[in-house]
Amino acid sequence: MRPPSESVVDRFLRYVRINTESREGAESVPSTAGQWDLIRLLERELRDLGAVDIHVSEHGMLRARVPSTVARDVPCVGLLAHVDTSPAVSGANVTPIVHVNYQGGDLVLPGDRSQVLSPADWPVLRDMVGDDVITSDGTTLLGSDDKAGVAAIMTLVDVLRQNADLPHGPIAVGFTTDEEVGGGIDKFDVAAFGAAFAYTVDGDALGEINDESWNARGGTITFHGLSAHPGSAKGVMINAAYAAAHFLTSLPATLRPEHTDGRDGFIHPYGGTLDVDRAAVTIILRDFEVAGLDEQEALVRRLAADAVEACPGVTVEIALRDQYRNMREVLDKHPHLVEWALDAARRAGLPARTRAIRGGTDGSRLTFRGLPCPNIFTGGHNFHSPLEFNSRRGLEKTAETLLHLARIVAEHRGER
Ligand SMILES: [Zn+2]
């Protein structure tokens, strides 16, 4: 097989230097101009690599297509990655460092020597001895989330261009904006994308396919009191803040995010406002099972009622709504999609397995909009951190897995 015109590592190193940090609370999508720089670059590169039907929407959503090379009817597989990086850590002036032939031990990042990447914290580094570990210089994030996904998909397009005789069906490529600040994917045109099913390439450990996301519910618990001048408040003032405090301290500590992992859900009050006449708690509930989520809501309602009872005169208003759902609900009806991804990882020599992702993905939202969409690894770790890292092998194996996936889909004509 002929290699791509540019290695996936070189491609990745080019993309991470472009500042595509997204911004919370912006009016428009994309939230930042930098995302346009990468989208326009990808548009040009896709054209040069022979992709067709290239289209960029007013929201910076890029879609393109690699035509089928086989005569038979093969379903169109979509591959998606987001171009933005998290605003949690700066994405400006990213200086990627390639730690060639990593020999184990701590990596002190040169731009901020207090940033130390250690196998004690990240045992996966022990599997990377002899590999080229890639980090930032410690002053920014790396942006492997999700430029590793972008680079792997672009490398697939490149490899298919160099090897026009490889049998594969139509491939829809999608690059999206504002994933990290939510809302971006709502602007993605699923019908125009034209894929029968898709994969986001936005996961982490090599070999890991995410086939589950949270069932997510959230909203506001508002306690109402009565304000009065504190000098003449006796018998009049009803301080809603105490009801909010009562409610917060009554939530079981065992259900906090900092005390849960694996398949355990959590209840997380993450913000709010305190005033005498009104104390509001913003809260999210997360569980992999709908029944578990319903139990959490029942508990929240009971504890809010207890708080009201403990604070005479206070009333409560509870507004909770479903935010997104576990994609497994839909993926269970298309079990071959996860199987194909696992098979592709195996063919790339990776330990293939599924894992429930403790979050939501663009894929979980797309899944419920009619585009079943598991999530594929990228080899990256420690997202949204100055200690984010990936490796040469991580990038190469991700790109290789996508190539196997394209071939596997073409072997299964007609199945959707
Ligand atoms: Zn991501």
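The values are calculated or read from the model by the stated rules, or taken from the named source; none is laboratory data. On a predicted model such as this, the values are computed, not experimentally measured, just so you know. Reconstructed Cβ throughout: ideal geometry from the backbone, glycine too, with neighbour counts over all protein chains shown.
Please go through the range 18-70 and pick out each residue that is free of Cβ contacts under 8 Å to residues at least 12 places away in the same chain and of a type in the set (Lys, Arg). If the condition is that a residue be free of Cβ contacts under 8 Å to residues at least 12 places away in the same chain and of a type in the set (Lys, Arg), then Arg44, Arg47 are the ones that fit.
So is Leu38 at pLDDT 95 or above, part of a strand (DSSP E or B), in the same structural domain as Gln162 (by TED's automatic domain parsing) and within 16 Å of the ligand (Cβ to nearest atom) or not? So Leu38 fails the test.
When the residues of the range 345-367 are filtered to those that are hydroxyl-bearing (Ser, Thr, Tyr) and buried (at least 22 other Cβ atoms within 10 Å of the Cβ), which remaining residue is modelled with the lowest pLDDT? Among those residues, the one meeting the criterion is Thr361. You will find that of Asp137, Asp73, the residue that is part of a loop (DSSP other than H, G, I, E, B), charged (D, E, K, R) and touching a residue at least 60 places away in the same chain (Cβ under 8 Å) is Asp73 and no other. Please tell me if Asp202 is among the acidic types (Asp, Glu), touching a helix residue (DSSP H, G or I) at 6+ places or on another chain (Cβ under 8 Å) and closer than 30 Å to Leu350 by Cβ. Here the answer is yes, as Asp202 does meet what is asked. If you check Arg23, Arg65, Arg44 for being surrounded by 15 or more Cβ atoms within 10 Å (Cβ to Cβ) and not in a loop (DSSP other than H, G, I, E, B), only one passes: Arg65. Among (1) out of contact with any His (no Cβ under 6 Å at 6 or more places or on another chain); (2) within 16 Å of the ligand (Cβ to nearest atom), there is one condition Ala88 misses while meeting the rest; what is its number? All conditions are met except number (1). The residue that is nearest to Glu212 (Cα to Cα), among those in the range 368-386 that are away from the ligand (no atom under 16 Å from the Cβ) and crowded, with 21+ Cβ neighbours inside 10 Å, is Pro372.
Scanning the range 171-219 for residues that are β-branched (Val, Ile, Thr) and assigned to a strand (DSSP E or B), we see that the one that is farthest from the ligand (Cβ to nearest atom) is Ile171. Of the helices (runs of 4 or more DSSP H) lying entirely inside the range 242-354, those carrying at least 1 residues that are assigned by TED's automatic domain parsing to the domain that holds Gly78 and within 30 Å of Ala410 (Cβ to Cβ) are 328-331, 335-347. Which of the residues that make up the range 158-178 are in contact with a strand residue (DSSP E or B) (Cβ under 6 Å, 6 or more places away or on another chain) and surrounded by 24 or more Cβ atoms within 10 Å (Cβ to Cβ)? Across the range 158-178, the qualifying residues are Ile171, Val173, Gly174, Phe175, Thr176.
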